[in-house]
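The values are calculated or read from the model by the stated rules, or taken from the named source; none is laboratory data. Owing to the predicted nature of the structure, the values given are computational and were not obtained by experimental measurement. Here the Cβ is made from the backbone with ideal geometry for all residues, glycine too, and neighbour counts use every protein chain on show. These area figures cover heavy atoms from the full protein model, side chains too; ligands, DNA and RNA do not enter into them. Shrake-Rupley method; radii C 1.70, N 1.55, O 1.52, S 1.80 Å.
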Amino acid sequence: MSGNQHLQGFDIPVHRALTEPILLGGAPRSVAILNGTLAAAVGLGLQQWIAGLGLFVLGHTLAAFAAKHDPDFLPVLLRHLRQRGWLRC
């Protein structure tokens, strides 16, 4: 069988929302929420408005840049930090 032939009954339509990651403003949803919460805590709690705004812009920009290259960068980063010493030579 060549790659262009399809067997009847083995193809199903999959909605695009089931295959794409959930992003908020280009950053993964969990990272965007964590970043916004941290920036709000600095801006409102410590009353450092400019520092909170700068923290939010910097964090969201870095997260969106990383998600553009790999939308699953956060689980990969967490796995790397957890297993850092296993493959040390």
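Side notes on the structure shown:
- For the chain, the helices (runs of 4 or more DSSP H) that sit wholly inside it and include 2 or more residues that are over 12 Å from the mean Cα position of the chain (by Cα) and β-branched (V, I, T) are 49-69.
- Enumeration of residues in segment 4-36 that are within 19 Å of F56 (Cα to Cα), open to solvent by less than 90 Å² (accessible area, probe 1.4 Å) and not polar (S, T, N, Q): L23, L24, G25, G26, A27, P28, V31, A32, I33, G36
- Of all residues in segment 37-60 being among the small types (G, A, S) and surrounded by 14 or more Cβ atoms within 10 Å (Cβ to Cβ), the one that is nearest to L78 (Cα to Cα): G59
- Residue pairs whose Cβ atoms lie under 6 Å apart, sitting 6 or more positions apart in sequence or on different chains, and linking a residue in segment 43-60 that is closer than 18 Å to G26 by Cβ to a partner that is surrounded by 13 or more Cβ atoms within 10 Å (Cβ to Cβ), are L55/A39; L55/V42; F56/A39; G59/N35; H60/A27; H60/N35.
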